[in-house]
Amino acid sequence: MAKEGAQRAEETEQMIEKESGGDGAEGSGAGSPRAGDTKEMRAVLLCAFGGLNKLRVSRKAMPEPQDGELKIRVKACGLNFIDLMVRQGNIDNPPKTPLVPGFECSGIVEALGDSVKGFEIGDRVMAFVNYNAWAEVVCTPVEFVYKIPDDMSFSEAAAFPVNFVTAYMMLFEVANLREGMSVLVHSAGGGVGQAVAQLCSTIPNVTVFGTASSFKHEAIKDSVTHLFDRNADYVQEVKRISTDGVDIVLDCLCGENTGKGLSLLKPLGTYILYGSSNMVTGETKSFFSFAKSWWQVEKVNPIKLYEENKVIAGFSLLNLLFKQNRSGLIKGVMDKLLNLYNTKKIKPVVDSLWALEEVKEAMQRIHDRGNIGKLILDVEKAPTPLMANDSTETSEAGEEEEDHEGDNENKERMPFIQ
């Protein structure tokens, strides 16, 4: 085992040296094209649906922009909970593997496809991408690309689109947040949770109730009005403070929290489901977790909604963009959000930066609910040798896991929920 470990370490060092151009300089342009190597790029590859061992950094052909697309030299990529679900195959109609994950990135425009207007080579941009974001280069339609403010970093820009557009759409387009209302948001320490808290602060007298792991409370206590432990009886805590309940519930958990959220709604209140993280309890897809969470979901009776004057809704940003063709609506929202950023009313919260080779460790941090804000893959960041060794090789435990994850194709898949 010691000999094998030494061999792996040597292979890792050779890989890092190769990826950095052999100059040994940390972060010295791993994302830049090199002589004789302009048609290939590094990318995170998901070889098959399953555990963390299904991810690896590989070289693949560099894409070129088609009509109406921009080619972006990527600087940073965002990690979202939906990426964990994609890795496990826990989405509706997943694409075939191998694939490059990721739905948002930031970088510099490197080339323009035919008919592209409003952008120039060299522009600093952030973009939505329908997969393929976790790579050194991406191509995406111009309607999904937005210019970055001068004082916004690439890591902030990669943390901006999914989180803030999701939060804004739910609060203002779906639930019609107004002065004096109250909001309950789960996972208040996450990227969307922090975006929700910041956007609520732009409206006078909005009360924000939040749930989060207790170790996050000190860091986020100033961003919400009332903060509860995620494992506590938050229903009773909310009712103790607000007897009538709340106007808006934003639920990314699903399962038993659906019924709890509906019970907390005031008349004319809105419950919005935008995720289902309770169904992701381990590294690989679990039919038991899916069944348990599904069984715990309170069956909605339309007559009861009518009698209680309550609204139940769902929101999926990625479906809205890539399946329902609402990019024009999203562009208007992005314009409003960038104005709020420029006036210093909102600012992305970045939890940590990770090299592409550290994607497994970054995903594990999300699994463990350890992040406060957004995790970012920094394309130009050099991996630490230990993490690079762990991330680019399949562990013995991973091989054992692969043997028994088996017949995933026959298991019922979860809806595509962001």
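The values are calculated or read from the model by the stated rules, or taken from the named source; none is laboratory data. Remember, predicted model here, so these are calculated numbers, not experimental data. No Cβ is skipped: glycine too gets one built from the backbone with ideal geometry, and neighbour counts run over all protein chains shown. Protein only, heavy atoms only, side chains kept; ligands, DNA and RNA dropped before computing areas. Shrake-Rupley method; radii C 1.70, N 1.55, O 1.52, S 1.80 Å.
Worth a mention:
- Pro101 modelled with pLDDT of 95 or more, over 17 Å from Glu64 (Cβ atoms) and either assigned to a loop (DSSP other than H, G, I, E, B) or open to solvent by 10 Å² or more (accessible area, probe 1.4 Å) (or both): yes
- Residue in the stretch 164-185 that is open to solvent by 40 Å² or more (accessible area, probe 1.4 Å), farther than 20 Å from Leu329 by Cβ and of a type in the set (Ser, Thr, Tyr) present: no
- Identity of the residue in the stretch 202-224, under 23 Å from Thr343 (Cα atoms) and under 25 Å from the mean Cα position of the chain (by Cα), that ends up surrounded by the most Cβ atoms within 10 Å (Cβ to Cβ): Val224
- Residue in the stretch 307-317 that is modelled with pLDDT under 95 and part of a helix (DSSP H, G or I) present: yes
- Single residue of the stretch 379-395 satisfying the filter (open to solvent by less than 40 Å² (accessible area, probe 1.4 Å) and modelled with pLDDT of 85 or more) that is nearest to Gln194 (Cα to Cα): Val379
- Matching option when the condition is assigned to a strand (DSSP E or B) and in contact with a Leu (Cβ under 7 Å, 6 or more places away or on another chain), among Ala76, Ala111: Ala76
- Residue satisfying all of: in the stretch 233-244; touching a residue at least 12 places away in the same chain (Cβ under 8 Å) and part of a loop (DSSP other than H, G, I, E, B); most open to solvent (accessible area, probe 1.4 Å) among these: Asp244
- Test: Cys105 is touching a Gly at 6+ places or on another chain (Cβ under 6 Å) and under 28 Å from Val192 (Cα atoms): no
- Flag for Ser316 being open to solvent by less than 40 Å² (accessible area, probe 1.4 Å), in the same structural domain as Lys260 (by the TED database) and polar (S, T, N, Q): yes
- For Gly118, the stated conditions hold: it is in contact with a strand residue (DSSP E or B) (Cβ under 9 Å, 6 or more places away or on another chain) and either at pLDDT 95 or above or crowded, with 21+ Cβ neighbours inside 10 Å (or both).
- Among the residues of the stretch 262-273, those that are farther than 17 Å from Gly190 by Cβ and either charged (D, E, K, R) or open to solvent by less than 60 Å² (accessible area, probe 1.4 Å) (or both) comprise Leu262, Ser263, Leu264, Leu265, Lys266, Gly269, Thr270, Tyr271.
- Scanning the stretch 142-167 for residues that are more than 25 Å from Asn325 (Cβ to Cβ) and either polar (S, T, N, Q) or in a helix (DSSP H, G or I) (or both) yields a total of 4.
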